[in-house]
Structures are given as C-alpha cells and as structure tokens.
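Undergrad: Let me begin by handing over the structure; questions about it come next.
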Amino acid sequence: MRHQSKLPNIGTTIFSVMSGLAKEYRAINLSQGFPDFGSDQKLIDLVNNAMNSGYNQYAPMAGSFELREAISKKIQTLYNASYHPENEITITAGATQAISTILTTFIKPNDEVIIFKPAYDSYEPGVQINGGKPISVQLQAPDFKINWQEVKEKITKRTKMIIINTPHNPSGMVFSKDDMLALQKLTRDTDIIVLSDEVYEHMVYDGLLHQSASMFPDLKLRSFVVASFCKTFHNTGWRMGYCCAPKPLMALFMQVHQFNVFCVHHPTQKGIADYMKEPKHYLNLANFYQGKRDLFLKLIKDSRFRFKPSSGTYFQVLDYSKITNEYDVDYAKRLTKEFRLASIPMSVFNENNVDNKMLRFCFAKKDETLKQAAEILNKI
C-alpha cells in the first residue's frame, strides 16, 4: 500500500532527537522543557483523593464545571476579564490539543495564518495539515521584537488567523502592552481570529506583567487564549490544559473538540480544581523560576557564552558565536556527545532555519542540575 503524507517535509522533532541523544550519552538534559523535580505532593494527593472518591467516569465534555469556575475566577482576578464557565472555557488534553483543535475548527484550504518565528514547532504543521498556508514573520535576534509594520504588510484578504505566544518560547521574550494594542488595532474590523498561546503566563520576570489577550476588549472578542496546567504545576506528562474564547467561537470549537477527545482525565480535573483554591500555587511561580534563572546566569556569567536574561518562560537563550562558527544543530549535538550537556538549537524554529549561533536551555531544573550544567559551560 502506498499513501502520501499530509506532512511530507516533517521529520522527527528536535525535542525527540536531543532528548534521545541526552539519554544515549547520559547527558544533563536542558533541552526539552520539563522539570526534573516533582509536583507538589499536595496536588498528587488531591488527584488520588479524587480517584478514591469516584471521579473516574467521563467528565462533562467541556470539563469539570468546578475547574472551569476556578479558571474563570483566576482570569477575572488577574486580568479583569470575564469568561463564563458554562460556555466560554474548555478543558483540553494539554495546550497542544487546544491549539490543534482551534486550527482544525477554523483553517480551511488556502487560508493564511501568520506565525512569528522562532515559533513553537506545532503551529506550522497544524496549519498545513488543515490545508492552510503559514505566513512567517521572522523576529530578529537577540531582542526578538515585533515589527508591526511588517505584520500589517503580510495581512491579506486570505488571512484567517494570527498566532501569538507570550511569554515567547523559545526566545523568552514577553509581549508588551504596546504590542498587544498594535495587534488589536491591526485586527479591528476584520474576521481575523487570534490564537494567543499563553502557557507560560505565570513565568514573567523583572517586574514585567503578562499581557493576556483577554485584557484588551476588542482583541478578546476574536481571541482564543490557551493555557497549560502542565507547565504551571510541574507535571508535563499529565497533559492538562484549557482554552477560553467568546461563546460564538467556543461553540464552533466544541463541535470539533467532542470528536477529538470528548473530555479529559476527570480525577486530575477535580484535583486541580481543589488545588487552585489556594492562589499562591500559581502566583508564586514567577519568583520561583526567576530564582532559578538568576542562579543559572550567575553561575555562567564568566563563561564564553553571551546572553540577555530571559523575560519569561523557563528557557534561556545562549549565544555561542564567540566560541565556534559551527551550525547550531551540529554544535548542540556535539555538546551533548562530547560535553554531556543537551540543549535545543534555535535555527529549527526560524524561517529557512536561520542560524544565529544560539542554543536554548531549560532552567526548570533542580539547583544541583543547574550547577552541574554551569560547570560544563564554564569549561568550554
């Protein structure tokens, strides 16, 4: 039998490649974005209690109403924005499922979707698999600021969606209020949908504030806001996220969602709902991760790597251009094999694999792990 791939140019993701190398060479893995420390035992106990209390059958299709109420309350408190838990919030199997379902719901053949690069690697394939056309806007290192005039010039009558990601993976850049106002102005009086990937919303540093799409009234009317409990609560393997959108958009989303997964793990939803009764569990996250970022950067300040401190996410980009002129994919692999330290090359996220001699390192690790990684970097 012969079948043609819907994604003929897509190979194994760089995350699988680098994590595989890290395992093979027993390297410290700062490549893939997951913590090497455990979740809060209290949260684990709450999920176990939910299982023992009978929350083991289907949850409502949109998710546990108790959890949707907790999300609605959090957004109202943090962003002064209102989403009705009945019909404007849906619990998903991680943020990636939410993103995939949004794209499947709205993107038709020949629709154009503007994507800012470097970009999380699920966006472009998600557009292509639905017959859409990704339109790239390349952000320039090292600041990764957005040229909104360029964005304006790339909007056409076929533009169906703009995907944004703040805090931004992989660069660590955070959208400003002016950025969001510019986006709101560009999309006003259009049918363009905004997909706002905000999975690192609680990881913003140095006094900056997360600018959610939900905070801007006209933007909110056309936006899906996507978030992740997996990132927030240190359990990436649980695959638990959610999205919020105005009722008319969410109604269309639900038509597809019901045939993707119908609903997601019920006891985890109950456990997280109970855990969110104490807001400190997510409000303290910025200080926690800024401490890890600061420790990592302090430890490598005398190394030959150059850096601008990450403003958000739990990733730090390091510039190695003073060390070698190697292609970043080759250098990342060599670091893993020879020095036993795994990272992610940035070029794989860029338009035409532009190589700025930068690697992305995850600092969501134990202090001991970060110290060991720093020792290696300082020897190079």
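Read-outs throughout are calculated quantities, based only on the coordinates presented, and are distinct from any laboratory measurement. Predicted, not measured: the structure shown is a model, and the values here were computed from it. No Cβ is skipped: glycine too gets one built from the backbone with ideal geometry, and neighbour counts run over all protein chains shown.
Undergrad: Can you list residues from other chains, or at least 5 along the same chain, whose modelled amide H is less than 5 Å from the amide H of Ser223?
TA: For Ser223, whose amide H was placed from the backbone, the distant partners under 5 Å are Val194.
Undergrad: Which FRET efficiency value, to the nearest 0.05, do you get for Asp40 and Ser122 by plugging their Cβ-Cβ distance into 1/(1 + (r/R0)^6) with R0 = 41 Å? The partial results should precede the final answer.
TA: On the way: r = 27 Å, r/R0 = 0.67.
The pair Asp40/Ser122 has a calculated efficiency of 0.90.
Undergrad: Additional query: Only Cα pairs within less than 10 Å get springs; with that Gaussian network setup on the chain, which residue of Arg293, Arg340, Arg188 has the largest fluctuation?
TA: Arg188
Undergrad: Okay, next question. When ranked by the protection proxy of mean other Cβ atoms within 10 Å per residue, highest first, what sequence do the peptides 4-11, 152-159 form? If you can, show how the numbers build up before the last one.
TA: Details: 4-11: 8.8, 152-159: 12.5.
Highest to lowest by the protection proxy: 152-159, 4-11.
Undergrad: Here is a further query. Calculate for the chain the 222 nm mean residue ellipticity that helices alone would give, adding -39,500 (n - 2.57) per DSSP H run of length 4 or more and normalising by residue count, nearest 500 deg cm²/dmol. Before the final figure, lay out each step's value.
TA: Numbers: 15 runs with 151 residues, N = 380.
Counting only the DSSP helices, I get -11500 deg cm²/dmol.
Undergrad: Cut-off is 10 Å between beta-carbons; in what order do Val264, Val354 appear when sorted fewest neighbours first? Before the final figure, lay out each step's value.
TA: Numbers: Val264 24, Val354 15.
Exposure proxy ranking, most exposed first: Val354, Val264.
Undergrad: Right, another one. Using modelled amide H (1.01 Å from N, peptide plane; none on Pro or chain starts), what sits under 5 Å from the amide H of Asn165, excluding residues fewer than 5 places away?
TA: Here the answer is Asp197, since their amide H atoms fall under 5 Å of that of Asn165.
Undergrad: With the Cα gyration tensor of segment 41-281 giving a ≥ b ≥ c as the square roots of its eigenvalues, does the rule (a/c under 1.5 for rounded; else a/b larger than b/c for prolate; else oblate) give rounded, prolate or oblate?
TA: Numbers: a/c = 1.88, a/b = 1.50, b/c = 1.25.
Prolate is the answer for segment 41-281, as a/c is 1.5 or above and a/b outweighs b/c.
Undergrad: What order, most packed first, do the peptides 198-209, 217-228 have when packing is the mean number of other Cβ atoms within 10 Å of each residue?
TA: Numbers: 198-209: 19.8, 217-228: 21.6.
So the peptides 198-209, 217-228, ranked by packing, come out 217-228, 198-209.
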